[in-house]
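Inspection log for the structure reproduced underneath, given as structure tokens.
Computed from the coordinates by the stated procedures, all read-outs in this text should not be read as laboratory data. Not measured: the values here are computed from a predicted model. Here the Cβ is made from the backbone with ideal geometry for all residues, glycine too, and neighbour counts use every protein chain on show.
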């Protein structure tokens, strides 16, 4: 069966020069198929890149062979460059409280890297069975002070996972990011039945997990909710215009935007600037100051692990 009309679809996987596209048509005909596509030559000619998570317009559809051609790409909301995924709605920064031990500086860098994309950012703490309840509550309170609700997961308490899954099903397209060895793959295996990604133990020498995931792929959680299975990766390099950095810290954003504090100069970096009125009495200020001072020319910040 050939369909002459053009239909919108969602790229769920990319391999070599082929794309898996989930077609959608909501007109009570239950039209939903995953087909194999190549991109139109004109897209290649214009060097227009196509990524997992992109919404695309598909033509020349043959439902018998499940083939089609990607004619164009719908304007995307955002693009995460590594791993390359488009149209993310929510980022969950996954960190373990033990094995590997929680590194607050590293957590901060992941949160700032996630905030840069301009989507909803949440923090998930795994392996909470390895700490006492008092420590778990302490961490929840600590990250509340950072401006984040910390979701805690404990294999001995399935209720935590159930609540997390309910939340994920309300999101449009979620992605996990964080250092290796913190349980991202194990978590994805629980969320996506039949995924069966391999996991690797944490290196006893360097206390880091080994990267075991290879391909980027979108999996449906419901008819309107997806989660991205991504290659594991360690701390990201940050390349941020430092004039934008204050906006990425919730504690600073809250004071400047919601409380309306005014510094003497509009481009105040809140370090030793004349006339700065920022209340610097918050825990992450030391991390913020380190990021600003690491810049060589006060125009751009580049941090690499």
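A few notes on this one:
- Placing dummy labels 7 Å off each Cα toward the beta-carbon, the span from residue 76 to residue 18 is 2.2 nm.
- Relative contact order %, the range 80-229, counting alpha carbon pairs below 8 Å whose residues are six or more apart: 26 percent
- In this simple spin-label model, placing a label point 7 Å from the Cα along the Cα-to-Cβ direction at both residue 257 and residue 160 gives a separation of 3.0 nm.
- Taking 7 Å steps out from each Cα toward its Cβ at residue 215 and residue 244 produces label points 3.2 nm apart.
- Expressed in units of 2.2 N^0.38 Å, where N is the residue count, the Cα radius of gyration of the range 80-229 is 0.99.
- FRET efficiency, 1/(1 + (r/R0)^6) with R0 41 Å, evaluated for residue 277 and residue 103 via beta carbons: 0.80
- FRET efficiency, 1/(1 + (r/R0)^6) with R0 25 Å, evaluated for residue 186 and residue 36 via beta carbons: 0.25
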